[in-house]
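A.B. asks: Would you mind keeping the following structure in view while I ask a few things?
Bear in mind these aren't lab numbers, they're just calculated from the coordinates by the rules spelled out. This structure is a prediction, so every number in the text was calculated from the model and none was measured. All Cβ positions, even for glycine, are placed from backbone atoms using ideal geometry, and neighbour counts span all protein chains on display.
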Amino acid sequence: MTKAFDIIQGPIITEKTMALKEKDNKYTFKVAKSANKIEIKKAVEEIFKVKVESVHTINVLPKRKKVGKYEGFAPAYKKAICKLAKDNKIDAFEI
């Protein structure tokens, strides 16, 4: 059980991801960098008790950030977009 929660680090909630959710029943998560598509699919199905049709992953590169005279990078992370089967939904995304 803890392995699934180690893979799925949290949801990504933006206007664009909410539009994906409404239009195509796709949910976006921040996931562990070492996780592959099969592990992500099993983790989402285990945690939320839904049927996942497909998973797409994206490695988000670090962005350069400036705060006053200080300069650095925002951390890199891995993002997964999970398409759920018809009539499945995740209640955690409802606001």
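A.B. asks: From the square roots a ≥ b ≥ c of the eigenvalues of the alpha-carbon gyration tensor of region 1-48, which class results: rounded (a/c under 1.5), prolate (a/b over b/c), or oblate?
C.D. replies: In terms of gyration-tensor shape, prolate.
A.B. asks: Now for a different question. When only Cα pairs under 8 Å and 6 or more residues apart are kept, what is the percent relative contact order across the chain?
C.D. replies: 31
A.B. asks: Let me ask something else about it. With a 10 Å Cβ neighbour count serving as the proxy for reagent exposure, in which order, fewest first, do Glu53, Glu15, Glu45 appear?
C.D. replies: In order of increasing Cβ crowding within 10 Å: Glu15, Glu53, Glu45.
A.B. asks: Let me ask you something else. How far is helix 37-48 tilted off the main Cα axis of the chain, in degrees rounded to 10, range 0 to 90?
C.D. replies: It is inclined by approximately 70 degrees.
A.B. asks: With P(r) over Cα pairs in 10 Å bins from 0, in percent defined as stated, name the option among (1) 15, 46, 26, 10, 3, 0; (2) 11, 14, 10, 13, 23, 21, 7, 0; (3) 15, 37, 38, 9 computed from the structure displayed.
C.D. replies: (1)
A.B. asks: Using 1/(1 + (r/R0)^6) with R0 = 25 angstrom and r between the beta carbons of Lys65 and Glu15, what's the FRET efficiency to the nearest 0.05?
C.D. replies: Efficiency computed from Cβ-Cβ geometry: 0.75.
A.B. asks: Residue farthest toward the positive end of the dipole of the chain, with Cβ of Lys/Arg at +1 and Asp/Glu at -1: which of Val60, Pro11, Ile47?
C.D. replies: Positive-end residue among those listed: Val60.
A.B. asks: Report, in deg cm²/dmol and to the nearest 500, the calculated mean residue ellipticity at 222 nm for the chain, where each DSSP H run with n ≥ 4 adds -39500 (n - 2.57) and the sum is divided by the residue count.
C.D. replies: Only helices count here, giving -8500 deg cm²/dmol.
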